[in-house]
1. By count of other Cβ within 10 Å, fewest leading, how are 360, 317, 82 ordered?
2. Note the full-extension length gain between residue 197 and residue 658 as 0.36 nm times their separation in residues minus their Cα-Cα distance, in nm to one decimal.
3. Mind giving me the nanometre distance, one decimal, between the label points for residue 605 and residue 619, set 7 Å out from Cα along Cα→Cβ?
4. Once the convex hull of the alpha carbons of segment 703-750 is built, what does its volume come to per residue, in cubic angstrom?
5. Starting from the Cα of residue 750, step 7 Å along the direction of its Cβ; do the same at residue 593; then give the gap between the two resulting points in nm.
6. If you bin the C-alpha pair distances of segment 452-544 every 5 Å from 0, what whole percents do you get?
7. May I ask for the distance between the Cα centers of segment 76-107 and segment 153-212, given as a whole number of Å?
8. Give me the log10 of I(q) over I(0) for segment 602-676 at q = 0.13, 0.21, 0.23 Å⁻¹, as the Debye formula computes it from C-alpha points; what are the numbers?
Ligand SMILES: Nc1nc2c(c(=O)[nH]1)N[C@H]1C(S)=C(S)[C@@H](COP(=O)(O)OP(=O)(O)OC[C@H]3O[C@@H](n4cnc5c(=O)[nH]c(N)nc54)[C@H](O)[C@@H]3O)O[C@H]1N2
Ligand SMILES: Nc1nc2c(c(=O)[nH]1)N[C@H]1C(S)=C(S)[C@@H](COP(=O)(O)OP(=O)(O)OC[C@H]3O[C@@H](n4cnc5c(=O)[nH]c(N)nc54)[C@H](O)[C@@H]3O)O[C@H]1N2
Ligand code: SF4
Ligand SMILES: [Mo]
């Protein structure tokens, strides 16, 4: 049939814009995405869509998106061909590594890597090729405390229990605002609808948040806690459970150790002792604990406001301690471990290797590694501090740390003056990529395939979906998988080889392991024969096929004819439902004891720091800063989509009317905010939606630096909240930046 480029058609595309992973039906006219609606037949999202997903066409065809690689020539970033770009990389990067050692090349991975197939599939090979430990990711601005606590409790930092939203009777949510964020570390399309359904079926929702958010307004009970004190609140709840003999780990009892030690450890965290620090009444804390214990099923769930704080790892640990103590960990209606289609197939329970922290440390400040990463807050000093191992070259994949990490001005200067060479893989010329010597732009979402390797492992229902590109690659475009594969080749002395060579290498390695593994369905078979049986149009698809076929639901290369493969998935364009979450203990545990280690040594060693937080008396006049998210934005890079601008999506300093009156601040007038790392001037928004003693600014703003190409964002640049931080405040166990609960002073600005 002849192709009429002007005709309109539809195509399916999983939305990459947040963790909810909604299935979208795109309207395509010619080569443009002219509309998007929720795919009602999607097995998981069932038609849900939010304003961001609906505006994906505007993002897709944003004229500011880079269309060709940029290469710095005579100091100026200039449009260049792909071969010029990769030649420049192959010329510069291996030389830095050779002359100054592998640690002199740093890698920064940003948030969208968990939203693209390429970002899931190639960074491990890139790091392997570079042999560098200088890895920094958005995780240390985000969920690293949860990884550390899961690593310590369960042996696997990626074994993160998610609240069973569809079945729970009681949800205690701390520091999360899914009505704006659409959920995080809990992949649930239509999170708002699921919360409403919970209440409709007679369940209860408690929200702990210093702001009366849209989520808090939906709740049965809102606890307006003082920022940074959730660990104290949770410890006191655990105390009450022990004191009132309300603990009952249920089916988990045989698989947990350390209960007695936890009881002892929380003995001095009485509700009365924490009440003042948290600014939550002791009676209310007791009630929270009793309700949690009394609920038929319940789940405790903590997110950003419980992670990016002074005691982030302790709070993350206590969330699961409470789930364990009340018998809700690993039971339907509680908090369960998902089993994604590309995970390793479950195997018989056995002790594992456990989780180690601090196997090495950062060069300048000696921050311990966590999960192989160093704190993003320490990147600038690793570039600017002279000495052996100084970072001299940087590869930045889908990250904008100049805005997203503490003290952007310092990092900005370090990127400008401290590097011999920098590569950014990014669709935009923004605050970070403007410093690169080579910018490699991925194609727009419509031209990329999509599979959620990360979020299927955090989803409230097991399911699997895959969408191929809705549109063919535009002229001069390169798929991001190919970009990253060529980057791997360029840094490993194989510049110019076929990018498929990277996938073939990875497939061969995986198959080599599988055929030698007595528990694998392909044990003892010929790897070449299996490799030849893989289907898929691209290296990335062949790798997906391999993972699906060897995964928990896989057809195992003939072992289970009804099992999953890429072919089978392609035959189900709206996805395949794999059922509700099911208990996975003890099979999922990889601790050395083979049990849930409820009181790990690093946690014990950090508790005195929490105890000290009990002593400080709060100054009634002091202000602390917290963040917030707006439904129509996404970190630092969606402010360029005109359709999403305006409304409540503005960069203002929210402050309670009493604080505003005391400080002489008026709504709409500018205020000067000062923190450890600097000061900024921003319009005031007086609102009782934020509690007293707290001010709130969103992050991802501050689009006023020269040399960027984000024209819509630059019209209303806002201010970079992270300039108020100097990068010194970290959660010590995880290296995560303290982004909430920062002391600031606020004065009227003339
Ligand atoms: N004060 C404060 N700071 C925060 C937070 C906070 O709550 N408060 N939140 C933190 C959190 S949770 C996170 S995750 C971090 C995020 O930190 P980052 O990951 O550094 O920030 P993003 O703004 O998500 O930047 C993503 C970059 O990826 C690019 N990009 C978009 N799509 C693609 C793609 O398909 N491929 C590639 N290669 N690039 C793409 C964008 O243009 C942008 O440059 O910010 C953190 N910073
Ligand atoms: N629209 C939109 N959606 C997004 C993003 C976005 O930028 N915009 N970013 C995505 C990313 S990268 C992530 S990680 C997720 C995050 O998803 P969420 O964790 O749901 O993110 P937030 O909306 O920032 O909610 C955090 C809440 O914590 C509260 N808080 C601050 N400090 C404290 C504290 O000390 N204690 C308690 N209990 N609460 C506190 C804040 O007031 C805020 O309401 O959202 C994702 N989705
Ligand atoms: S909720 Fe998230 S995944 Fe769903 S349409 Fe909105 S941005 Fe996309
Ligand atoms: Mo995040």
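None of the figures in this text is laboratory data; all of them are computed from the coordinates on show. Here the structure is a predicted model, which means the values were calculated and not measured. Glycine gets a Cβ as well: all are built from the backbone with ideal geometry, and neighbour counts include every protein chain shown.
1. Working: 360 13, 317 30, 82 16.
Ordered from fewest to most neighbouring Cβ atoms within 10 Å, 360, 317, 82 come out as 360, 82, 317.
2. Numbers: separation 461, 0.36 × 461 = 165.96 nm, distance 3.58 nm.
Extra length available between residue 197 and residue 658 comes to 162.4 nm.
3. 3.2 nm
4. Working: hull volume 6.7 nm³, N = 48.
Considering the Cα atoms of segment 703-750, their hull volume per residue is 140 Å³.
5. Once both label points are built, they end up 6.4 nm from each other.
6. Over segment 452-544, the share of Cα pairs per 5 Å bin runs 3, 11, 16, 17, 19, 18, 11, 4, 1, 0 percent.
7. So the separation of the two Cα centres works out to 44 Å.
8. Cα-only, vacuum Debye calculation for segment 602-676: -0.69, -1.02, -1.10.
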